[in-house]
Each structure stands twice: as structure tokens, then as C-alpha cells.
1. Of the numbered conditions (1) touching a Ser or Thr at 6+ places or on another chain (Cβ under 9 Å); (2) assigned to a strand (DSSP E or B), His86 satisfies every one except a single condition; which is it?
2. Here is a check on your reading of the model: is Gly14 modelled with pLDDT under 95 and open to solvent by less than 70 Å² (accessible area, probe 1.4 Å)?
3. Could you count how many residues in segment 35-76 are within 35 Å of the chain's Cα centre (by Cα) and closer than 25 Å to Arg5 by Cα?
4. Taking segment 405-441 only, how many residues are closer than 15 Å to Asp119 by Cα and open to solvent by 10 Å² or more (accessible area, probe 1.4 Å)?
5. Of everything in segment 206-238 that's more than 16 Å from the ligand (Cβ to nearest atom) and among the small types (Gly, Ala, Ser), which residue is modelled with the lowest pLDDT?
6. So Ala47 clears everything in (1) open to solvent by less than 50 Å² (accessible area, probe 1.4 Å); (2) among the small types (Gly, Ala, Ser); (3) at pLDDT 95 or above; (4) within 26 Å of Asn120 (Cα to Cα) except one condition, right? Which one?
7. Do you know which residues across segment 288-308 are outside any strand (DSSP E or B), over 28 Å from the mean Cα position of the chain (by Cα) and modelled with pLDDT of 75 or more?
8. Please find, within segment 258-269, the residue that is modelled with the lowest pLDDT out of those that are away from the ligand (no atom under 12 Å from the Cβ) and buried (at least 18 other Cβ atoms within 10 Å of the Cβ).
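The values are calculated or read from the model by the stated rules, or taken from the named source; none is laboratory data. Keep in mind it's a predicted model, so treat the numbers as computed, not measured. Neighbour counts run over all protein chains shown; Cβ positions are idealised from the backbone, glycine included. Please note that ligands, DNA and RNA were not included when accessible areas were found on the heavy atoms of the full protein model with its side chains. Shrake-Rupley method; radii C 1.70, N 1.55, O 1.52, S 1.80 Å.
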Amino acid sequence: MRDDRPTIYALSSGRPPAAIAVVRLCGPRAGAALEKLIGRVPKPRHATLARVRDPATGEVIDEALALWFPGPHSETGDDMAELQLHGSHAVVAAVFDALAIIEGCRPAEAGEFTRRAFDNGRLDLTAIEGLADLIAAETPAQRRQAFRQLKGLIGDRAEAWREQIIAALALIEARIDFSDEADVPEDLLGPALRAAKDLRDEIARALSKSGRGERLRDGFVVAIAGPPNAGKSTLLNRLAKRDAAIVSAHPGTTRDAIEVHLNLEGYPVTLIDTAGIRDSADPIEQEGIRRTQERVAMADLVLWLTDASADRAAAGRAAAENLSAAEVWVLRNKTDMLGGETRARSESRSTNESGRAFAISALTGAGMESLLQALGECVRKFFSTTEASMVTRARHRRALEETIAALDRAVAQGSTGNEELIAEDLRSAATALGRLTGRVDVEEVLDVIFREFCIGK
Ligand code: GDP
């Protein structure tokens, strides 16, 4: 049978200009395209130096490394080719122009290579999500989690569980189908239900141990709040070491929440600078205040910043605690403005409050070291149960919860002895796991998942 699926191509490396540009091809005409461009199909999986020519004119476009990965053992399962070119706009454009006129070739859409890997059964859905997370990973902890997921930490286990459920289902179906025949053992129901119960407990255990895997994707959220002019933006800039927030001496200029992503001890932290929380008649400012309150309400930690010279710390802290269920640390800022004696008093007071209050100067950086250390510890503690987390998305959690619920129903049906209903519940449990890995009706989730990819992946 002729395979007339399109052969797709894309720039898989970063934006030119760059030292090298990697152009990948995937599909039934990948080999033919290589022949047109470099005059041959190189030895599989060996880097080969080759002149890339415009097939229309014969003009040399570039000298490149060419690689040939015949299917089905390629990354996507299709025939694949790769050209490592010099990374200029002109080289890439010329190669794309040459590819565009080769029959059966067209530019790839976002995530289309990965989609082929899925269609060819090379990657399940959870592995694809892991791949998307690996590409987006900003910290070592995110990278480790994504890599484990790519390699099947959840996918392989879900598939093994699904097989066990199907084995239990087979026992029950055997009873339904052959119950009239003498040589079918009476008690097939008991073992099937016991297996369902054990599995249910195992999945529930795995779920409960899954810690903060979902949060590791988004980061630990720290809201920086406090009265206008307390120095929130200045602190954010110091923490972020770049000018993400506008620092201004006029109250109320930071109208919207501003986010900065940090890598703290290998863990992702999202810092949110908030607009000054205060009474205001200005509708734009009110909107900013409303959004701020939402973000602060979701935060894992609130840094409540006060002007140490104004000394509104106590009132401020109460306000912050009303806003959020999160832990609140009070930061007494602008200690550089205090006289020596007051500063000493301010600092000693801070250390007396069991590490939950700090005296700093966002402007000079004084006191920042101990704040960062405490933040690091806090984040590490938050994520400490996460290292081998299986569940990294709400989608996973939902699928596993559905599986548990269906198994529970099957076990509960056990006392009624209604085999048809038990079989139905076991089928629902298997389907829930199948949706997790993408084995059954997943069209609706596919688009969402592949949208996360860039072109060329
Ligand atoms: P926000 O409204 O809370 O975001 O406050 P900003 O970060 O915009 O700071 C308000 C003003 O206070 C600016 O002029 C800052 O330079 C100043 N400021 C911030 N932190 C400090 C500090 O630690 N010491 C001193 N002396 N000034 C500061």
C-alpha cells in the first residue's frame, strides 16, 4: 500500500541566526527528499558531511551534516531525516524553498512530529506531556520530573494497571459467557474482586504519595504585598536581578500583578508583585486591587512588606492574613533609612519572631541573604515529597480518581453478585486508565496537549 501521508519538515532548532540550524523531515518521502537535496540517502544513524543543493538549479546552498533515521525505529516511527545546516535565515529559507517544491512535502504544524510519534504508538499521551514539560523546564526539579514522565513513570504504571483490570474483567466475562458449562470454576468472581480491591488500594496509595507534582510545573507562588511605596517593586527587582517591575516613587503605579519566575535551590518559584492594596476611588486601580487579592489568595507564601520607618507592620500583617490562607512573613523594609539604634532594635525584633519576620533594605540589599535562605528552605520543604511524583497534571489526577471510583463501584457490586454490572464498572475503570495514556477516545484532549508544542517538535 502506498503511504501518501504528507512528509513534513520544520526548523527544529532555535531562531536563526544561530551557529547551527537543524531541519527535520518526517514521512514517507523523507528519503526521496534527501536524495534530491544531497544526492543520496546516507547510512542510517551516521552523521555524513554533504553538500546541500537546490534541486532546481543545482546551486550549492550549504555544506551540512545529514542524518538518516529509517522507520519504524525512528523517534516518530516514520522515516526521518535531519540536516544540520549553518544557522542563517538565508540558508534555512533556501532549504525550505527547495523542500517546498518536492512532491508530498509540506511544512509541519506545531507539535506534528510528536503527533506522528503518538499515532505510530512510539509515545503515549503521558510521555508526550512529559516531553512538553521537558522542553519548557526551567529548573532542575522540573527537568527531572518531566524526564521521568517522558520515560513512562506514570504511563507504564497506568498501562500495567489497565492490563490487570482487563485480566479481572476476563475472569468475570468467562463466568458470564460459560456459566452453564460444567468445567468453568465456580469462584471466578472472588479472585476478580480481590484483584480489583488490591488495585484500587495501590492506585490510591500512588495518588496520595504524589505530593506537589502538579505544582512543580507552575512553581511555588510567593506574593509580595504591602502598602503603596513600601518597596515591593524594588524587592522584586532585587530578587529577580532584572528590571521586571517598574520602580516608581509615586504610590499606585504598580497597578497590575507582575510575575517573575525564579529558580530557587532548583525549584521553580513564581514571584508576584502586587498593586498597593488600599482604598481607592480610581476604577483602574480598583481592578488592579481586585486582581491582586485573587493572586494573593492563591499564593503559597505572602511576603508582607512594610516601611520600617512608618512602622505599620502589625496592622499590615493582620491585613495580609485576612487576604490569604498562606503563611505570611513580615518584611520590614528600608532599614537603611533608620538611625543606627532603631535599626538594631528593628533587626533584633525580627529575629525574635521565629524567622517569620525580616529586616531588609530592598535598596541596598541588606538582610537579603537571610531572607533568600529562609525562602529556599521553605520552597524545599514544600516540594520535598515531590521528587518521584507520578501525577503532574490535574488530568492525571482526575483519571486516577475516576479509576478508583469505578473500582470501588465494582467491589461494592460484589455482594450483589451481579456480574454484568461488575463487568461494566471494571470496563469503566479500564477506560479511565486508557484515556490517561491515550489508548481510548482521546480526540478532545489531543488538541489541548499538542497545542503546547512549538513547530519542529
Ligand atoms: P511599591 O509601591 O511597594 O512597589 O514601592 P517601590 O518599589 O516602587 O518603592 C517606592 C520607593 O521607595 C522608591 O522610590 C524606592 O526607591 C524606595 N525604596 C524601596 N526600597 C527601599 C529601601 O530599602 N530603602 C530606601 N531608602 N528606599 C527604598
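1. (1)
2. Against the criterion (modelled with pLDDT under 95 and open to solvent by less than 70 Å² (accessible area, probe 1.4 Å)), Gly14 qualifies.
3. Counting residues in segment 35-76 that are within 35 Å of the chain's Cα centre (by Cα) and closer than 25 Å to Arg5 by Cα gives 13.
4. Counting residues in segment 405-441 that are closer than 15 Å to Asp119 by Cα and open to solvent by 10 Å² or more (accessible area, probe 1.4 Å) gives 5.
5. In this case the residue turns out to be Gly211.
6. Here Ala47 meets the rest and fails (1).
7. Ala308 - this is the single residue of segment 288-308 that is outside any strand (DSSP E or B), over 28 Å from the mean Cα position of the chain (by Cα) and modelled with pLDDT of 75 or more.
8. So the residue we want is Val260.
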